[in-house]
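Q: Here it is: the structure, laid out below.
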Amino acid sequence: MKLGIVGLPNVGKSTLFNALTSAGAEVANYPFCTIDPNVGVVAVKDERLVKLAALYNCKKIVYATVEFVDIAGLVKGASHGEGLGNKFLSHIREVDAIVHVVRCFDDPDITHVDGSVDPVRDIETINTELILADLDTLTRKIDKTKTAMKSGDKKYIPEMEALQKVYSALAEGKALRGIELSDEERAYIDPLYLLSGKKVIYVANVSENRLGADKYVPAVRRFAEAEGSEVIELSARIEAELAELGEDDRAMFMEELGIETSGLDKLIKSSYKLLGLMSFLTAGEKETRAWTIPVGTKAPQAAGKIHSDFERGFIRAEVVDYDTLIECGSFNAAKEKGKVRSEGKDYVFKEGDVVLFRFNV
């Protein structure tokens, strides 16, 4: 999973990136501090793997990972090359979802490119630039399709209808992610990789002393709810402080502040939900591991996540849910109690399934 951290300059993107990844991206109070994107890979901590490893006396744990990309700050006119717009747009095209950091704090010492704090205006600035870039892409595609239609071939008619439907909605300021499309229409639109179709998690970056009581956050929540996006409220500065502490000190500091879940954990949970992802687990003496798959994945395709041979030669999956396995004390004990199920090609995986694949190639 690859998440692009975006936002206007000086909203706390790089501070948050540092806190999430401990990668040490440069942080400064001037626009375009981030020119080339910083990239950090973060392990998705999962206590289930620790317990499974202990059960199997396994020393190697492989967590699922999330890749965060800290992308340069965007300004008005980016779709036409203003600021670092062209680089911004090319980098955002490569991510699975957008983490849009929105400034929800007042600080006279930190410059705002538009001179005042207005989170919804800031969100609309970036959305507008993505939509304008998409309109350029659609214009070129529509022109090509019109040329192809001159042959009189009617097969291009449904494609043109889909293109014009999306173009009209975008021209009215509506992002692609908020447009309802049929499967047929999506087949024409998806290959264009339009930027405003990326799913979004809005991160409301608040002051350290305003968590849970910030005056700007409700407006962000209303905006996100209207387009079906997720919202996380956090303080990037607090997250940066937490990132520098050891595990025990971090837990104590969070308790003092009344923070139950770290920003990283919130972000990963929201990302999995937004992208429709889940994890299944494998365990043994050599390795205990979490595998990320789309919700609704069937057994052979889940096996293919491990190795293509597993999918090609799939016979069956021996499955037990995590809680039952821990309760039984071992895979064999669970099997003896009839708790291990033998599932075939139509089995749809569930979150937390612990699996042993049988295959033959």
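The values are calculated or read from the model by the stated rules, or taken from the named source; none is laboratory data. Treat the numbers as computed from the prediction; the structure is a model and nothing was measured. Note that each Cβ is placed from the backbone with ideal geometry, even for glycine, and that neighbours are counted across all protein chains shown. Side chains are part of the model used for accessible areas, which takes the heavy atoms of the whole protein and leaves out ligands, DNA and RNA. Shrake-Rupley method; radii C 1.70, N 1.55, O 1.52, S 1.80 Å.
Q: Taking the Cα centroid of the stretch 144-165 and of the stretch 123-142, what is the distance between the two, rounded to the nearest whole Å?
A: Taking the Cα centre of each part, the stretch 144-165 and the stretch 123-142 sit 21 Å apart.
Q: Further question on the same structure: Please give the peptides 187-198, 148-159, 97-108 ranked by average Cβ packing (other Cβ atoms within 10 Å per residue), highest first, as a rough proxy for protection. Spell out each step's value before the answer.
A: Numbers: 187-198: 17.8, 148-159: 11.7, 97-108: 21.4.
Per-residue Cβ counts within 10 Å, averaged per peptide and sorted highest first, yield 97-108, 187-198, 148-159.
Q: Cβ neighbours within 10 Å, averaged per peptide: list 327-339, 303-315 in order, most packed at the top. Could the numbers behind the result be given before it?
A: Working: 327-339: 13.6, 303-315: 16.6.
Highest-to-lowest ranking by the protection proxy: 303-315, 327-339.
Q: If you don't mind, there's one more thing I want to ask. At 1.4 Å probe radius, can you tell me the per residue accessible area of the chain in Å²? Don't skip to the answer; put the middle values down first.
A: Details: 18170 Å² over 361 residues.
Solvent-accessible surface per residue comes out at 50 Å².
Q: Something else now. Considering every pair of different Cα atoms, what Kirkwood radius, in Å, is found for the stretch 122-276?
A: 18.4 Å
Q: Heavy atoms only, probe 1.4 Å: what % of the accessible area of the stretch 245-312 goes to carbon and sulfur, would you let me know? It would help to have the intermediate numbers written out before the result.
A: Working: 1870 of 3880 Å².
Using a 1.4 Å probe with all protein chains present, the stretch 245-312 comes out at 48 percent carbon and sulfur.
Q: Could you tell me which of rounded, prolate or oblate describes the stretch 189-310, using a ≥ b ≥ c as the square roots of the eigenvalues of the alpha-carbon gyration tensor, with rounded for a/c under 1.5 and, failing that, prolate when a/b is larger than b/c and oblate otherwise? Spell out each step's value before the answer.
A: Numbers: a/c = 3.18, a/b = 1.33, b/c = 2.39.
Oblate, since a/c reaches 1.5 and b/c is not below a/b.
Q: Could you check what % of the DSSP bridge pairs in the chain are antiparallel, to the nearest 5? Spell out each step's value before the answer.
A: Details: 23 of 47 bridges.
In the chain, approximately 50 percent of DSSP beta bridges are antiparallel ones.
Q: Within the stretch 145-226, what whole-number % of the accessible surface is contributed by carbon and sulfur, with the 1.4 Å probe and all protein chains included in the calculation?
A: Working: 2280 of 4730 Å².
On the stretch 145-226, the fraction of accessible area on carbon and sulfur atoms equals 48 percent.
Q: Distance check, please: which entries in Lys51/Lys339; Lys165/Lys215; Lys165/Lys345; Lys198/Lys345; Lys51/Lys350 exceed 28 angstrom between their Cα atoms?
A: In this structure, Lys165/Lys215; Lys165/Lys345; Lys198/Lys345 exceed 28 Å between Cα atoms.
Q: Right, here's the next one. Given the rule -39500 (n - 2.57) for each run of at least 4 DSSP H residues, summed and divided by the residues of the chain, what is its mean residue ellipticity at 222 nm, to the nearest 500 deg cm²/dmol? Walk me through the numbers on the way to the answer.
A: Details: 14 runs with 149 residues, N = 361.
Mean residue ellipticity, 222 nm, calculated: -12500 deg cm²/dmol.
Q: Turning to a different aspect of this structure: If you plug each phi of the stretch 334-339 into the Karplus form 6.51 cos²θ - 1.76 cosθ + 1.60 with θ = phi - 60°, what whole-Hz ³J(HN,Hα) values come out, in order, with x for Gly and Pro?
A: Each residue of the stretch 334-339 in turn: 5, 5, 4, 8, x, 8 Hz.
Q: Right, here's the next one. If you count, for each residue, the other Cβ atoms within 10 Å and average over each peptide, how do 109-116, 345-352 line up from highest to lowest? Mind dumping the intermediate values first?
A: Details: 109-116: 11.2, 345-352: 15.1.
Put in order of decreasing packing, that is 345-352, 109-116.
Q: For the chain, rounded, prolate or oblate, judged on the Cα gyration tensor with a ≥ b ≥ c (square roots of eigenvalues), a/c < 1.5 rounded, else prolate if a/b > b/c?
A: Values: a/c = 2.43, a/b = 1.21, b/c = 2.00.
Judged from the Cα gyration tensor, the chain comes out oblate (a/c at least 1.5, b/c at or above a/b).
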